[in-house]
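Peer 1: Quick one: this structure, given as structure tokens, is what I'll be asking you about.
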């Protein structure tokens, strides 16, 4: 991961997370990092895959009202989220750099 501020590389995708995995597609050319923003009141879990990603509770957690940068192989164009309980809205923004 770069030590530069995050720079958006493509459109932000909105995923409605629930207790069933939900996915969105992010183009490979839009950046090596994904800014994952959970605006919900519950933990969500996130993963990426080359196609048809499916998130489980063993994947990377994002705390309520939290943000993380997830470095992904650029061939991973599918992003999936799963809410620990209830529902949450998750924004996935592709780009470059970090939030530190």
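Peer 1: With (1) touching a helix residue (DSSP H, G or I) at 6+ places or on another chain (Cβ under 8 Å); (2) in a strand (DSSP E or B); (3) farther than 15 Å from residue 14 by Cα as the list, and residue 94 as the residue in question, which single condition is left unmet?
Peer 2: Every condition holds for residue 94 apart from (3).
Peer 1: For the range 1-42, which positions are in a loop (DSSP other than H, G, I, E, B) and under 15 Å from residue 72 (Cα atoms)?
Peer 2: The answer is 1, 2, 6, 9, 10, 26, 27, 31, 32.
Peer 1: May I pose another question? How about the range 1-27: which of its residues are surrounded by fewer than 16 Cβ atoms within 10 Å (Cβ to Cβ) and within 14 Å of residue 71 (Cβ to Cβ)?
Peer 2: Passing the criteria: 1, 2, 3, 4.
Peer 1: Those residues that are surrounded by fewer than 21 Cβ atoms within 10 Å (Cβ to Cβ), more than 16 Å from residue 26 (Cβ to Cβ) and touching a strand residue (DSSP E or B) at 6+ places or on another chain (Cβ under 8 Å), I need them from the range 79-96; list them, please.
Peer 2: 84, 87, 89, listed by residue number.
Peer 1: Which of the residues belonging to the range 43-78 are crowded, with 17+ Cβ neighbours inside 10 Å and assigned to a loop (DSSP other than H, G, I, E, B)?
Peer 2: 43, 53, 55, 59, 72, 76, 77, listed by residue number.
Read the figures in this text as sums done on the coordinates, not as results from a lab. Please read these numbers as outputs of a predicted model, since none were measured by experiment. No Cβ is skipped: glycine too gets one built from the backbone with ideal geometry, and neighbour counts run over all protein chains shown.
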